[in-house]
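This report concerns only the one structure given below.
The values are calculated or read from the model by the stated rules, or taken from the named source; none is laboratory data. Note that the structure is predicted; figures quoted are calculated from it, not measured. Backbone-built Cβ (ideal geometry, glycine too); neighbour counts: all protein chains shown. When the accessible area is computed, the model is the full protein with side chains, heavy atoms only, and any ligands, DNA or RNA have been set aside. Shrake-Rupley method; radii C 1.70, N 1.55, O 1.52, S 1.80 Å.
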Amino acid sequence: MYKVGVIGDKDSVMGFLALGIDIFVATEADEIKRTIHRLVENEYAVIYITETASLLAKDYIARYKDYQLPAIIVIPGITGSMGLGMNEVRESAKRAIGADILFNKE
């Protein structure tokens with residue numbers, strides 16, 4: 001069975017416990033990268049990561065962008081959305097389809 005985890009600051013990830021998702025509190029760049037690496041090695045299929053944490057490990061996350069697993073999904077933190085998660089969805093759709101069909105206002 002595949003596992004799901006979430007990485008970020010304590011306040012942002014604690015609520016995921018109620019959903020049965022494994023939480024990993026990490027706020028420093030090296031700590032976030034080590035946590036991602038550990039989750040990949042332990043065969044986590046989905047890794048949610050807060051926008052703030054994703055900015056600190058952007059280069060490391062990019063390694064897994066084209067892999068089928070794990071799916072690394074950027075989510076807003078407790079302070080609200082910076083729009084990074086939606087931008088990731090947009091870029092993925094553009095790569096898959098070849099056009100910006102989600103946000104093209106023409």
Could you give me the ³J(HN,Hα) list for segment 57-73, computed from phi with Karplus coefficients 6.51, -1.76, 1.60 and θ = phi - 60°, whole Hz, x at Gly and Pro?
-> 10, 3, 5, 6, 5, 4, 4, 9, 4, 9, 7, 5, 10, x, 8, 9, 10
Which ³J(HN,Hα) values, rounded to whole Hz and listed in residue order, are derived for segment 26-39 from phi using the Karplus coefficients 6.51, -1.76 and 1.60 in 6.51 cos²θ - 1.76 cosθ + 1.60 with θ = phi - 60°, glycine and proline given as x?
-> 8, 10, 9, 3, 5, 5, 5, 5, 5, 5, 4, 4, 4, 5
Under-5 Å amide H pairs with ILE78, H placed in peptide plane, nonlocal only | SER12
Please list TYR48, TYR60 in order of solvent-accessible area, largest first, computed with a 1.4 Å probe with all protein chains present.
-> TYR48, TYR60
Which value, in Å² rounded to 10, gives the accessible area of GLU41 with a 1.4 Å probe and all protein chains present?
-> 130 Å²
Using a simple spin-label model with points 7 Å from Cα along the Cα→Cβ vector, what separation in nm is obtained for LYS3 and ARG34?
-> 1.7 nm
Computed over segment 14-66, the relative contact order (Cα-Cα under 8 Å, seq sep at least six) in percent reads 34 percent
